[in-house]
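Undergrad: Sending over a structure as structure tokens; questions will come in a sec.
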Amino acid sequence: MGLWAKAFVLCVVAVVVSLVVRVMQKQKLPIIIDGTVQPGFEEVLEAFRSTFESGDVEPRESGSAFAAYYKGKQVVNIWGGYADYESSQPWRHDTMTVVYSATKGMAALCMAMLADRGHLDYDQKVVHYWPEFGQNGKENVTVKQLLHHEAGLAFIDTPITIELLSNYDALGRALAKVRLFGEPGTTHGYHGFTYGLYASQLLTRADPKKRTVGEYFRDEVARPFGVEFYIGLPKELNYRVARMLFDGKDWESLKRTVRGLMDPFNRQMVWAMMTGNGLVGKLVENIKDIADMTVFNDPQNREVECASATGIGTAEALAKVFGIIANGGKTTDGKQLLSEKLIKIIEEGGTPLLKDEILGVPTRFSSGFIRLTYQDREMLGHPGSGGNNAYADSKYHIGVGFVSRYASAYGMGNDPRFTSPRDALYRAIQKLEG
């Protein structure tokens with residue numbers, strides 16, 4: 001064998017050995033669980049740990065976090081897995097991730113704060129604040145209809161792209177020109193990608209300081225209440241954002257997909273899509289390149305503000321905000337986020353439980369929040385694609401948040417990685433309260 005041939009063989013062997021070592025090292029990465037739970041809540045940690053150990057819905061490569069506030073105080077803040085498995089980067093206490101539609105809950109909070117301060121009237125027509133909105137039959141749409149997902153504006157004529165989202169004025173003009181999808185007040189359908197866009201444009205016009213929803217949240221919620229959540233991420237914080245993980249074509253991914261389809265709610269949604277009773281497909285077509293969620297692994301795209309889907313934060317941040325709402329709108333030291341009066345209006349108002357013309361399953365909305373059902377009651381919150389979730393339970397004064405970098409097949413608050421520690425949380429609280 002010649003010198004060049006030997007050199008080639010040695011190079012090939014070196015590459016193969018390197019790949020084998022990397023695979024072996026990857027397989028040997030341990031399951032990491034960290035964080036704190038207060039005495040009496042240890043079962044929550046064990047339930048959270050079990051989702052990683054079983055591997056049924058939480059891939060070994062994934063990373064997630066769960067947090068809870070009870071009567072205004074943090075009782076659980078736990079995390080596990082990896083922010084980036086390829087580089088062996090563990091999930092840390094300050095790791096953030098994209099929470100998709102759970103962002104809508106934060107946008108709804110901003111709108112509620114405007115209403116609470118007398119700057120926005122839910123019963124007023126949108127054109128009162130935004131005259132240009134009254135094109136193509138939209139002149140009588142009310143703020144309440146828009147926030148209740150009953151304005152017939154689930155789709156827009158211009159595909160929603162990163163480029164359009166980056167041009168706030170052009171986006172506002174495009175939204176103002178949209179034709180109605182259905183009759184306002186009689187059309188009940190999830191405005192999956194347009195809700196946050198309309199909310200932000202409306203907020204800008206109603207806010208005395210003319211801020212976007214991302215700016216409003218930063219100034220009125222994040223900074224004064226110490227909340228690590230962003231609608232439009234500053235570039236310098238990208239190093240803390242977990243890399244999004246999606247299922248591949250291996251056997252484990254297929255098993256997780258099949259397991260997701262076994263969930264009754266997921267089956268109902270898929271069946272609605274297959275039989276033409278839901279318009280999720282059209283919703284996805286309307287969002288152009290954003291339908292590929294990998295775009296948010298690009299730091300430049302994380303800076304784009306979209307109050308429907310691009311919020312980035314921690315589970316602790318979500319739990320803290322909804323914990324304050326569940327505690328009557330105030331922190332334990334008396335700082336007010338929302339008045340009890342407005343919280344009661346939102347909790348007692350909203351739409352009936354109706355078949356959603358977009359999702360094909362029953363939904364109920366109230367001023368931008370989704371009414372999430374658990375046990376014998378409904379709570380205010382908002383789930384997001386991939387399993388992300390957050391809500392406020394005023395009965396037990398609980399705020400919970402769950403985030404993950406793995407986009408699971410669950411997206412309506414039914415992800416076992418969330419429901420398992422949540423159930424343990426309620427068992428712990430019910431034991432404490434006797």
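Computed from the coordinates by the stated procedures, all read-outs in this text should not be read as laboratory data. Fair warning: this is a prediction, and the values are worked out from it, not measured in the lab. FYI the Cβ positions are ideal-geometry reconstructions off the backbone, even for glycines, and counts take in every protein chain you see.
Undergrad: In terms of the Cα gyration tensor, with a ≥ b ≥ c the square roots of its eigenvalues, is the range 298-434 rounded because a/c is under 1.5, prolate because a/b exceeds b/c, or oblate?
TA: The shape class here is rounded.
Undergrad: Follow-up. Tell me, D169, D157 in order of fewest to most beta-carbon neighbours within 10 Å? Walk me through the numbers before you get to the answer.
TA: Numbers: D169 8, D157 11.
If I rank by nearby Cβ atoms, fewest first, I get D169, D157.
Undergrad: Right, here's the next one. Which of the GluC sites (Glu not before Pro) found in the range 134-242 are loop residues per DSSP with 13 or fewer other Cβ atoms within 10 Å of their Cβ? Don't skip to the end; give the middle numbers.
TA: Details: sites: E139, E150, E163, E215, E220, E228, E236; in loops: E139, E150, E228.
Answer in residue order: E139.
Undergrad: So if the hydrodynamic radius of the range 88-156 is defined as the Kirkwood radius over C-alpha pairs, what does Stokes-Einstein give as its diffusion coefficient at 25 °C and 0.890 mPa s, in µm² per second?
TA: Working: Rh = 14.4 Å.
This corresponds to a translational diffusion coefficient of 170 µm²/s.
Undergrad: Which pairs break 28 Å Cα to Cα here: K71/K341; K73/K355; K71/K125; K125/K210?
TA: K73/K355; K71/K125
Undergrad: How would you rank M113, M379, M293, going from fewest to most other Cβ atoms within 10 Å of each one's own Cβ?
TA: Ranking M113, M379, M293 by Cβ neighbours within 10 Å, fewest first, gives M293, M113, M379.
Undergrad: Also, I was wondering about something else. When averaged across all projection directions, what area in nm² does the alpha-carbon convex hull of the range 116-207 cover? Intermediate results must be reported in sequence, preceding the final value.
TA: Numbers: hull surface 21.8 nm².
Averaged projected hull area, Cα only: 5.4 nm².
Undergrad: Would you mind ranking L165, L237 by Cβ crowding within 10 Å, fewest neighbours first?
TA: Starting with the residue having the fewest Cβ neighbours, the order is L237, L165.
Undergrad: Please give the Cα centre distance for the range 61-99 versus the range 186-224, rounded to the nearest Å.
TA: Taking the Cα centre of each part, the range 61-99 and the range 186-224 sit 27 Å apart.
Undergrad: A further question follows. Show me the trypsin sites (Lys or Arg not before Pro) within the range 177-229 that DSSP assigns to loop and that have at most 12 other Cβ atoms within 10 Å of their Cβ.
TA: Filter output for the range 177-229: K209, K210.
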